[in-house]
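The values are calculated or read from the model by the stated rules, or taken from the named source; none is laboratory data. Here the structure is a predicted model, which means the values were calculated and not measured. Only protein heavy atoms, including side chains, enter the accessible area calculation; ligands, DNA and RNA are left aside. Shrake-Rupley method; radii C 1.70, N 1.55, O 1.52, S 1.80 Å.
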Amino acid sequence: MHFTLADLVTDITQNATEAGADTVELEVRQSAKEFRFLVKDNGKGMTEEELKRAIDPFVTDGIKHPNRKVGLGLPFLIQTAQQSGGGWDIKSEKGKGTTVSAWFDAANVDIPPTGDIPGMLRTIFMFNSSAEIIIRRKGFDNIEYEVRKSELEEALGGLEDAGSLVLLGEYLRSLEESE
């Protein structure tokens, strides 16, 4: 179970990085009325039949997680979006990639808490993937920025050591502060 919207976004983004993508784009938009995100990858994509299986909570391919009997990432996303007065959309084409988007009514009593956005972004940049990760964020108080994994790695000398991760966390938190 996901306790925050940040957990949902992290899970869906991790799926994209594991899909053999060269590029993964994440957009996170937040206002007083709505929380919305979109994850787009140019990975292996899915056929219509594979997509139907991916949104069925009682089906898993057994490859990604060999000991699991269920796959819950997309079903949890769908359930949470619907229960919180929002919605979802998934578009996928075999060999070309997948786009997952979801939106949540911020005024709905059933919306999970947002969670730690800078912490979420740092986790996403730390995924074990060679894909270029591009994050676009638009939030409260005119917060708007774009960050690329390749630029962070160049500036920090990689994202493997504790010092770089501390600096990354501080940088992402500073982007979230209104001026």
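When Rg and Dmax are taken over the Cα atoms of the chain, they come to 16.3, 48 Å.
Counting heavy atoms of the protein chains alone, VAL100 has an accessible area of about 10 Å² for a 1.4 Å probe. Rolling a 1.4 Å probe across the protein heavy atoms gives the chain an accessible surface of 56 Å² per residue. Using only alpha carbons, region 87-179 has a radius of gyration to Kirkwood radius ratio (Rg to Rh) of 1.01. Among the protein heavy atoms of region 114-179, carbon and sulfur supply 45% of the accessible surface, probe 1.4 Å, non-protein parts ignored. The amide H of PHE127, built 1.01 Å from its N in the peptide plane, has no neighbour under 5 Å, considering only residues 5 or more places off or on other chains.
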